[in-house]
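Any read-out appearing in this document is the output of simple, stated calculations on the displayed coordinates, not a laboratory observation. Predicted, not measured: the structure shown is a model, and the values here were computed from it. Because the Cβ atoms are built from the backbone with ideal geometry, glycine has one as well, and the counts that use them run over all protein chains shown.
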Amino acid sequence: MEVIIASACSALIIAITVFSMIKVLMIAYKRNELTLRKFIINTAAAVMSGLIVASVLPFGYQKIFTMIT
């Protein structure tokens, strides 16, 4: 149960971070500090890294909680 709660809270924090990163990239693109290609690549990288980290977290939390108990 505690693994699910910890994973959900961490996934929420990761989602907020990725959303904020996309907002920053959109501002940079609108100010012509980024090209469209760099904007797309950086946005995709932020989303993919967020998904990878959020999907691996439950396994890491499970190992940590089994080591503690």
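Go through segment 16-44 and count every residue that is loosely packed, with under 13 Cβ neighbours inside 10 Å and more than 23 Å from A54 (Cβ to Cβ).
Total meeting the criteria: 8.
Looking only at segment 1-54, count how many residues are closer than 27 Å to F65 by Cα and small (G, A, S).
Qualifying residue count for the region: 9.
Quick one: would you say L25 is outside any helix (DSSP H, G or I) and touching a helix residue (DSSP H, G or I) at 6+ places or on another chain (Cβ under 8 Å)?
no
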